[in-house]
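Structure record follows, encoded as C-alpha cells.
Where a number appears in this text, it was derived from the coordinates with a stated rule and is not lab data. Here the structure is a predicted model, which is why all the values come from computation and not from measurement. Cβ placement follows ideal geometry from the backbone for every residue including glycine, while neighbour counts extend to all protein chains displayed.
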Amino acid sequence: MLRIPVPPRGDWQQQATEFGFHFHTMYGEPYWDESAYYQFSLAQIENHIEDPTAQLHQMCLEAVDRIINDEQWLHRFCIPPEHWDLIYHSWQERDPSLYSRLDLVYDGKNPAKLLENNADTPTSLYESGFWQWLWLEQQVDKLVLPRHSDQFNSLQEKLIQRFVEIGQHYAIEQMHFTCCKDTEEDRGTVQYLQDCAQAAGLHTDFIYVEDIGLGDTGVFTDLRNNPVTDCFKLYPWEFMLRESFGSALYEANTHWLEPPWKALLSNKALLPLLWEMFPNHPNLLPAYFADSTTHYNTGKWIKKPIFSREGANISMVEDGQETRLSDGPYGEEGYIIQAYNPLPVFDNNHTLIGSWLVDDMPAGISVREDNAAITQDLSRYLPHIIA
Amino acid sequence: MTRKRSKTIDLRKMRKAFALKPLAVGVAAIMASGCADDRQDAKIYTSVEDCKTDFPDAVEKCEAAYETALQESARTSPRFNSEHDCEYEFGPNQCQQVSNNGHSFFMPFMAGYMVSRLLTPGPIYSQPIYTSYSPYSSFRSRWVTADGQVFNGDIRNRKYKVSPSVYKPKPTVTRTVSRGGFGSSVRAKSSWGSSSRSGSWGG
C-alpha cells in the first residue's frame, strides 16, 4: 500500500462538468483529489480487504438475527417498539438490500479493522463506482499509469445487476428515488443510482424526501399523486422511524431500499454486539456500551453516539479522561466506546478505506484521507489502483 | 487474470444533459427506448387546435389535457437560477421568470403537451413537453419532458409509444392528504456547526 503522486488529468474539471460530477469541490475545499493515488497489491486487496469484507457482512447478518429475536437488543439499538414489526417482517421476508460501505482501518500490513458499517445511507458511491474508474481508464490510455493497472471496483457492474434482481424480486419496472433538498452531493449519488437502475431496465422517478405525501388510502405519494410503491431512499431509517410519517410506514407497505432491517446495521450499537458475538475477531475492535463498562478507565477509546453521521459528537477517552473531538447534535440515545486504532498516515494524511458491498458481494473500495486523525466530513477522495 | 473492476461503462449514458444544474430536475434516460409490451400510443401537440383537429368529438378533453399540462409545467418544469443558464439550455427568449414563495427562478416555456388515452375511459395522460433552440443543448430540436427524458428522433416526430407510468396494479390514491411528514430531522439536526458539511445525510 503506497501513496504515489501523479499529474492530474488536464481536463478533469471540464469532464466533471460534462458528466455532472458537481460536488468535486465542496465548501471551498477540494473533495476529489487526483494529485496522488493509492497503490495496493492484489494480495492486499483480496486477502486483507475483500475476504474480510465478505466475512464481516455475514457476521452482521448473524447479528441482525440476534437483535431481531431479542427485545433487549431492540431496546439497546433504540428501535422504537412501534416499528419492531416493520423491521421484523422485512427481515423475515428477506427484503433485498442494495449496498453497504464498511469503513476499515487498514495500513497495508495488519488486519483491517471495522470502524463502522454504513449500511443504510452510504455515500461517495458515484466517485467510487464511476469517477475513479474513468480516471484509471484515462490515465492508462495516456500511459501515465502502467497498462496492467487494475482497480478494486466492480461497483457499477454489480449495482446494475442488483437492480435487475430487485426488479425481478418485486416484479416491478419502475422505482422512485428520494433524498433531501439542498444537497448536491446526495442528489448526485441518487442520480447515479437512477442511472444504474435505468441501465437495468427500470424506469425511475425522483422525488425529494420533504415532498413525499401520504395518500387517502395510506400509501405514500409523489408530486403527481402516484403511489410510491418501490423506493430507494438516501435518508436514514433512524430519522424516518421517528418522523410524523413514521407511523404510516407499516400500512403503506412500500418496498424500501435499503430495507427496514438495515436500520439495525447502520447503528453503532452493532459494534459492541459484534464484539460480544465474535470476541477477538481479527477484523473487529473491542467495543462496549458506554453505560455498562469500565473498560474506558484504561487505554485509549473513541466514544461515539449510537446514532451519528459524518463523525459528529465524537470524543477520545484516555485512561478515563474524556476529550471532545467534534461537536454535533447527536448523543441523546446513548454512546458506545470502541478501542482507538489510529488511521495509518501517508505523507501526513490520515487514510481511511471504505469497502463496498453490493448485497453480500464485496464490490470495491474508496480511499479517503484527512488532515486530522479522526476522519471528519471534509475529507478528500483519492483514486486507487491495483498493481 | 480476472479484472477487479467493471469491464465497461457506457460513457454516453453517463453524460448529463443538464450541464448547468437546473435547480429542481434530475435527468433520466431516453424514455421511449424501453421495450415493455404495454406501451401505449401518445402524441405531442403544440396547440390545443391541433388536438381538436385530431379529435373533433373530444374538444373538451383536448382542453382539459392542455390545462393539466400547463399546471404540471408550472410545478415540475426545469428551473434555473439565472436567465442565462436557462437560455443556455433552451435557447434565446425561451425562458420566463417565475416567483414562488419568495424565490425567483427561470423556466422554459412549454413547447407542447403529450397526450395519450384521450378516447379511452379512465384518466387522460397529459404532460408538458419542451424543446430547445440552443446550439449548446443536447435537447436541441428534440422533445424532452419536465424531468429530462429525451424522446428519440427530432421534433418533426410527434407520435410515440410510451410506457405508462403505472406498470402494474398499484394502490389507488385519489388524493394526497398531507405532505412533509419526512425530512424534519434534517432541519433539526443540520442547524449545528457551520464549519462542517451539514447538507448530506449520507454516511
Quiz prompt | Pairwise label distance in nanometres, B:L70 with B:N152, each label 7 Å out on the Cα-Cβ vector | solution = 3.4
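Among B:R12, B:R117, which comes first, second and so on when ranked by fewest other beta-carbon atoms within 10 Å?
Values: B:R12 6, B:R117 17.
By the 10 Å Cβ count, ascending, the order reads B:R12, B:R117.
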Exercise. Could you give the size of the charge dipole of the protein assembly as shown about its Cα centre, using +1 on the Cβ of each K and R and -1 on the Cβ of each D and E, expressed in debye and rounded to the nearest 20?
Key: 1100
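Return the FRET efficiency for the residue pair A:A387, A:E276: r is the Cβ-Cβ distance, R0 is 41 Å, and the value is rounded to the nearest 0.05. Provide the component values of the computation, followed by the final result.
Details: r = 40 Å, r/R0 = 0.97.
Once the sixth-power term is evaluated, E becomes 0.55.
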Quiz item: Which of B:G91, A:M277, B:P78 sits closest to the plus end of the dipole of the protein assembly as shown, meaning its Cα is farthest towards the positive end, when Lys and Arg get +1 and Asp and Glu get -1 on the C-beta?
Solution: B:G91
Quiz prompt | Dipole moment magnitude, nearest 20 debye, the range B:54-121 about Cα centre, only Lys, Arg, Asp, Glu C-beta charged | solution = 200
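Just how large is the dipole of the range A:286-339 about the Cα centre, in debye to the nearest 20, putting +1 at every Lys and Arg Cβ and -1 at every Asp and Glu Cβ? If you can, show how the numbers build up before the last one.
Working: 5 positive and 8 negative charges, 31 e Å.
Computed charge dipole of the range A:286-339: roughly 140 debye.
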Quiz prompt | chain A: most fluctuating residue of A:N267, A:N226, A:N349 per GNM, C-alpha cutoff 10 Å | solution = A:N226
Quiz item: Which value in nm describes the separation of the simple spin-label points at B:K7 and A:H89, placed 7 Å from the Cα toward the beta carbon?
Solution: 4.1
Practice problem: Excluding residues on the same chain fewer than 8 positions from A:K303, give the lysines whose Cα lies under 24 Å from its Cα. | Solution: A:K113, A:K262, A:K268, B:K189
Self-check item: Dipole axis of the range A:15-89 (+1 Lys, Arg; -1 Asp, Glu on Cβ), positive-most option in A:W84, A:G20, A:L42
Solution: A:W84
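Can you sort A:K181, A:K142, A:K304, B:K4 by how many other beta carbons sit within 10 Å, fewest first? Each step should come with its number before you reach the end.
Working: A:K181 15, A:K142 11, A:K304 26, B:K4 20.
Fewest-to-most Cβ neighbours within 10 Å comes out as A:K142, A:K181, B:K4, A:K304.
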Quiz prompt | Whole-number D in µm² s⁻¹ for the protein assembly as shown, Kirkwood Cα-pair radius fed into Stokes-Einstein, 20 °C, 1.002 mPa s | solution = 84
Self-check item: Whichever lysines have a C-alpha closer than 19 Å to that of B:K13, once near sequence neighbours (fewer than 8 apart) are set aside
Solution: A:K158, B:K21
Quiz prompt | Modelled FRET efficiency - R0 45 Å, B:F109 with A:V144, Cβ distances, 0.05 increments | solution = 0.45
Quiz item: Between B:N81 and A:S292, what is the FRET efficiency for a Förster distance of 45 Å, r being their Cβ-Cβ separation, to the nearest 0.05?
Solution: 0.30
Practice problem: Amide H neighbours of B:S178 under 5 Å, at least 5 residues apart or on other chains, H built in the peptide plane: list them. | Solution: A:L214
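Using the 10 angstrom Cβ neighbour count as an exposure proxy, how do A:D370, A:D327 rank, fewest first? Please list the in-between numbers first.
Working: A:D370 18, A:D327 13.
Ordered by Cβ neighbours within 10 Å, fewest first: A:D327, A:D370.
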Quiz item: Using a Gaussian network model of chain A with C-alpha springs under 10 Å, which one of A:Q13, A:Q55, A:Q198 is most mobile by mean-square fluctuation?
Solution: A:Q13
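Please quote Rg/Rh for the range A:286-339 to two decimal places, taking the Kirkwood radius as Rh and restricting both calculations to Cα atoms. Walk me through the numbers on the way to the answer.
Details: Rg = 10.2 Å, Rh = 10.9 Å.
For the range A:286-339, the value is 0.94.
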Quiz prompt | Within a Gaussian network of chain A (alpha carbon springs, distance under 10 Å), most fluctuating of A:F232, A:F177, A:F19 | solution = A:F19
Quiz item: List the aspartates and glutamates whose alpha-carbon lies under 14 Å from that of B:K159, not counting same-chain residues fewer than 8 positions away?
Solution: B:D41, B:D50, B:D54
